[in-house]
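This is the structure I have questions about; it appears just below.
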Amino acid sequence: MVTITELLADPAIKAYLLHMVGEEGIELLMRFPEGEEHSDEELAEMTEISLNTVRHTLYTLYEKRLAEYRRLKNSETGWLTYLWHLRLDRLHGVIEGDIRDALEHLGARLAYEERNDFYICKDCGVIYTFSDAAEWNFECPNCEEMLEHFDNELIATALRRRVEKIRESLGSA
Ligand SMILES: [Zn+2]
């Protein structure tokens with residue numbers, strides 16, 4: 001069982017969690033009794049973190065499948081209690097999934113840059129693809145200035161570098 005202290009020792013993981021749940025969310029993770037399940041109100045009381053923050057953090061974690069709950073119904077009052085527990089064992093998988101999504105997004109962006117030829121209106125600063133520019137007879141539809149070819153190699157190179165870096169970090173370069 002991986003502990004939150006071990007996870008936070010990795011700066012990349014700490015940054016990821018900080019981005020997801022903020023400082024107070026991390027406090028909650030650190031004070032969440034290991035391996036136990038508690039209601040949001042119990043957690044707020046035992047950690048001295050506001051109930052709102054506790055709930056917000058739990059819902060955020062839940063969306064990422066990093067927290068789960070069990071619903072208990074009081075047979076007398078009919079009231080429902082949600083008992084929460086953490087699933088930080090899934091964190092590495094979740095992070096890897098996010099990285100793969102980002103990679104896919106960048107890859108699509110790069111393919112778009114590589115597949116298209118671009119034209120720019122230097123007055124308006126607007127960029128058109130070849131087919132759009134051709135439709136306007138290479139005149140800017142806003143100001144009628146002639147469009148000029150736009151070299152997107154810098155953009156493509158920057159994207160390529162980012163894709164390579166991410167692939168390296170995934171160990172699948
Ligand atoms: Zn223009």
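Conditions (1) closer than 30 Å to Y62 by Cβ; (2) of a type outside the set (D, E); (3) not assigned by TED's automatic domain parsing to the domain that holds L147, marked per residue:
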| site | (1), (2), (3) |
| --- | --- |
| G97 | yes, yes, no |
| A102 | yes, yes, no |
| G107 | yes, yes, no |
| D117 | no, no, no |
| G125 | no, yes, no |
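Considering only the stretch 100-122, how many residues are surrounded by fewer than 17 Cβ atoms within 10 Å (Cβ to Cβ) and touching an Asp or Glu at 6+ places or on another chain (Cβ under 7 Å)?
Residues meeting the conditions: 1.
Name the residues in the stretch 71-99 that are surrounded by 14 or more Cβ atoms within 10 Å (Cβ to Cβ) and among the basic types (K, R), would you?
Those that are surrounded by 14 or more Cβ atoms within 10 Å (Cβ to Cβ) and among the basic types (K, R): R87, R90.
Still on this model: Can we say E68 is farther than 30 Å from I155 by Cβ and surrounded by 13 or more Cβ atoms within 10 Å (Cβ to Cβ)?
The answer is yes for E68.
Of the residues in the stretch 2-16, how many are small (G, A, S) and surrounded by 10 or more Cβ atoms within 10 Å (Cβ to Cβ)?
2
Taking the residues in the stretch 109-151 that are assigned to a strand (DSSP E or B) and of a type in the set (D, E) as candidates, determine which candidate is farthest from the ligand (Cβ to nearest atom).
Per the stated criteria, the residue is E148.
Just to be sure, is G93 touching a residue at least 40 places away in the same chain (Cβ under 8 Å) and either within 16 Å of the ligand (Cβ to nearest atom) or part of a helix (DSSP H, G or I) (or both)?
No.
The values are calculated or read from the model by the stated rules, or taken from the named source; none is laboratory data. Since the structure is predicted, the reported quantities are computational estimates derived from the model, not experimental observations. Using ideal geometry, Cβ is built from the backbone for each residue, glycine included, and neighbour counts are taken over all protein chains shown.
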